[in-house]
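Down below is the structure, laid out as structure tokens.
The values are calculated or read from the model by the stated rules, or taken from the named source; none is laboratory data. This one's a predicted model, so the numbers in the text were calculated from it and none came from an experiment. FYI the Cβ positions are ideal-geometry reconstructions off the backbone, even for glycines, and counts take in every protein chain you see. Surface accessibility is based on the protein's heavy atoms, side chains included, excluding ligands, DNA and RNA. Shrake-Rupley method; radii C 1.70, N 1.55, O 1.52, S 1.80 Å.
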Amino acid sequence: MEIFLYEFGILALIGGVLSAIATSLLGSVVVLRKMSFFGSGIAHLSFIGVGLALFFKLSPTFVTLTVAIAAAIILGFLARKGVHEDIGVGILFSTSMALGIILIYLAKIDNSRVMAYLFGDILAINWQDVVFSSIVTALVILYIIFFKDHIVYITFDEDFSKVLGINIPFVYYTFLILLAVSIVVSMNLLGIVLVSAMVVVPAASASLASRTYQGMFKLAPLISAFSVFFGLILSWNFDIPAGASIVLVQGIVFLFTFLVKILSR
Amino acid sequence: MKCEYCLEVKNLTVRYGDIVALKDVNFSLKKGKFYTVVGPNGGGKSTLVKTIVGIIDDYDGQIQIFGKDRDEYLREKLVGYVPQISSFTKFPIRVIDVVLMGLFRERKFKFKKQHYKKALKALERVNMEGFSKRLIHELSGGQRQRVMIARAIVSEPEILIMDEPTVGLDTESQRNFFRLVRELNESGMTVIVVTHDVGFVSEYSDGILCINKRLVVHAKDVDELPKEFFAKLYGYNVKAVLHNHKR
């Protein structure tokens, strides 16, 4: 618990929990829609944004956000035209990483900066990051409060949602844009490589532990916030990377939930 | 103004890109009757149903429901819709929540007690009252289709349309299913069922629409159709096995 006596520890905890809430709420939809590869794909596609920002000396956050939102909209559009979200990501995944690597190489940037984007550094976040995370998390919570049933209905039975008069493109694209923004915010904490875990793993654990989708939406943020808290303590006590520790705790929770589920049958 | 017809379709044409799914379809259906839509695969039956209930918006021609333009009617009321069984996969949603979907437009922000009461009543009407807390994928095909009917009727629609609702069900389940639908029809609801089962058509229907891109025939009874009719419609010999439960 000593880590929380320091300002960086408190910032990491607040930023991490905010990010955990946003990504796990949207992650529940990701798991229900069976598009788990999408989060990882958006993060990797955002690497082009990192490359472009470093090459043209622009704000990485702004460029990465723009690229992530554009990628989400394009992939969403392809999905509406019959190309599943994960297939679209699979096509663009490696190409975007390759392009990002080339741009960063040409920009002749110090490797440590590149490593920060790839693996994140939750202990280095500042108040500005926390404020940004708070805004994004508030938007995600509002979306879930107002549109949870809409997006669940679209996922369960899109035809009937149309019969009900739900504005499917609005609900769907808003979800994708919020997902892209949440992923970019979480990339500062966990990096491109690990961020998809924040989206998928807590929601997957929640889907095992709860019978209904309503239960998933309640449990996933709790699991994710718990993982951030214990991940940071684990990181401090064993002097290991914080982002990786958080993901490790998430993985352990999933394994535990899975075993309990199997043994209780 | 009282309207004799619950559904009037005039010169309806639907295209998917260059493919014409329906061409110049015209018919009128009287309210309170039980109609069946038959025709070969790819003949446009599902397209017709999806256009009437509002899933397909891109069409030429006119659809009037109880004398009102389709969109105007659908803004005020739902047309009950039961999709094909195959559209549903494993999903963590309870039966009661599936039925509540049908009341989505009646709620302001969230479902309240009166919505739950209505949903339970709808489940009771389809003899599924004990299943409200079960997950939808835990049910058998026949039970699932009953839940879909509950969802379709919970908002008390004037018309109930079903798209091949009994595909994959055994004969007994099909019979029970159509009995239930007949009861709903007898309570005053107009019912339109898309089906391949020509035998059941004769048993329950007040009228038959045969669709193969165009409206081929609009008959009152399967007996009215010429012997070679189904062979021509489906492209091979089909014998209509008539059941013994004709009203």
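Observations on the model:
- When residues in the stretch B:117-169 are screened for being part of a helix (DSSP H, G or I), closer than 24 Å to residue B:105 by Cα and either open to solvent by 50 Å² or more (accessible area, probe 1.4 Å) or not β-branched (Val, Ile, Thr) (or both), 18 of them pass.
- Selection status of residue A:222, open to solvent by 20 Å² or more (accessible area, probe 1.4 Å), part of a helix (DSSP H, G or I) and either touching a residue at least 12 places away in the same chain (Cβ under 8 Å) or not polar (S, T, N, Q) (or both): yes
- Subset of the stretch A:154-164 (residues that are open to solvent by 30 Å² or more (accessible area, probe 1.4 Å) and of a type outside the set (Val, Ile, Thr)): A:158, A:159, A:162
- Pairs meeting the criteria (first residue in the stretch B:129-152 and over 17 Å from residue A:156 (Cα atoms), second residue open to solvent by less than 10 Å² (accessible area, probe 1.4 Å) and aromatic (Phe, Trp, Tyr), beta carbons under 7 Å, at least 6 apart or on different chains) are B:142/B:177.
- The set of residues from the stretch A:179-219 being in contact (Cβ under 8 Å) with a residue 24 or more places away in the chain and of a type in the set (Val, Ile, Thr) comprises A:181, A:183, A:184, A:185, A:192, A:193, A:195, A:199, A:200, A:201.
- Among (1) modelled with pLDDT of 95 or more; (2) within 14 Å of another protein chain (Cβ to nearest Cβ); (3) open to solvent by 10 Å² or more (accessible area, probe 1.4 Å), the one test that residue A:206 misses: (3)
- The residues listed here are A:10, A:42, A:109; of these, the one that is open to solvent by less than 70 Å² (accessible area, probe 1.4 Å), more than 14 Å from chain B (Cβ to nearest Cβ), of a type in the set (Val, Ile, Thr) and not in a helix (DSSP H, G or I) is A:109.
- Residue B:51 being assigned to a strand (DSSP E or B), in contact with a strand residue (DSSP E or B) (Cβ under 9 Å, 6 or more places away or on another chain) and open to solvent by less than 20 Å² (accessible area, probe 1.4 Å): no
- Between A:188, A:237, A:167, the distinction of being open to solvent by 10 Å² or more (accessible area, probe 1.4 Å) and either closer than 21 Å to residue A:64 by Cβ or of a type in the set (Phe, Trp, Tyr) (or both) belongs to A:188 only.
- So residue A:19, is it of a type in the set (Ser, Thr, Tyr) and surrounded by fewer than 24 Cβ atoms within 10 Å (Cβ to Cβ): no
- Complete set of residues in the stretch A:76-106 that are surrounded by fewer than 16 Cβ atoms within 10 Å (Cβ to Cβ) and not in a helix (DSSP H, G or I): A:81, A:82, A:83
- Residue in the stretch A:133-152 that is nearest to the other protein chains (Cβ to nearest Cβ), counting only those that are closer than 15 Å to residue A:18 by Cα and surrounded by fewer than 19 Cβ atoms within 10 Å (Cβ to Cβ): A:142
- Here the condition is being among the hydrophobic types (A, V, I, L, M, F, W, C) and under 19 Å from the mean Cα position of the chain (by Cα); of B:25, B:20, it holds for B:25 alone.
- Within the stretch A:191-203, the presence of at least one residue that is surrounded by 24 or more Cβ atoms within 10 Å (Cβ to Cβ), on the phi < 0 side of the Ramachandran plot and within 13 Å of chain B (Cβ to nearest Cβ) is confirmed.
- If the condition is being touching a residue at least 12 places away in the same chain (Cβ under 8 Å), among the hydrophobic types (A, V, I, L, M, F, W, C) and within 12 Å of chain A (Cβ to nearest Cβ), then the stretch B:100-128 contributes B:100, B:101, B:103.
- Residue B:94 vs. criteria in contact with a strand residue (DSSP E or B) (Cβ under 7 Å, 6 or more places away or on another chain), more than 9 Å from every other protein chain (Cβ to nearest Cβ), free of Cβ contacts under 8 Å to residues at least 60 places away in the same chain and among the basic types (Lys, Arg): no
- Test: residue in the stretch B:71-87 that is away from chain A (no Cβ under 12 Å), open to solvent by less than 40 Å² (accessible area, probe 1.4 Å) and more than 24 Å from residue B:45 (Cβ to Cβ): no
- Close pairs (6 angstrom Cβ cut-off, 6 or more residues apart or separate chains): within 20 Å of residue B:49 (Cβ to Cβ) and within 8 Å of another protein chain (Cβ to nearest Cβ) in the stretch A:153-178, part of a helix (DSSP H, G or I) and among the hydroxyl-bearing types (Ser, Thr, Tyr) anywhere: A:153/A:161
- Only residues that are of a type in the set (Val, Ile, Thr), assigned to a loop (DSSP other than H, G, I, E, B) and either modelled with pLDDT of 95 or more or touching a helix residue (DSSP H, G or I) at 6+ places or on another chain (Cβ under 7 Å) (or both) were counted across the stretch B:71-116, and they come to 2.
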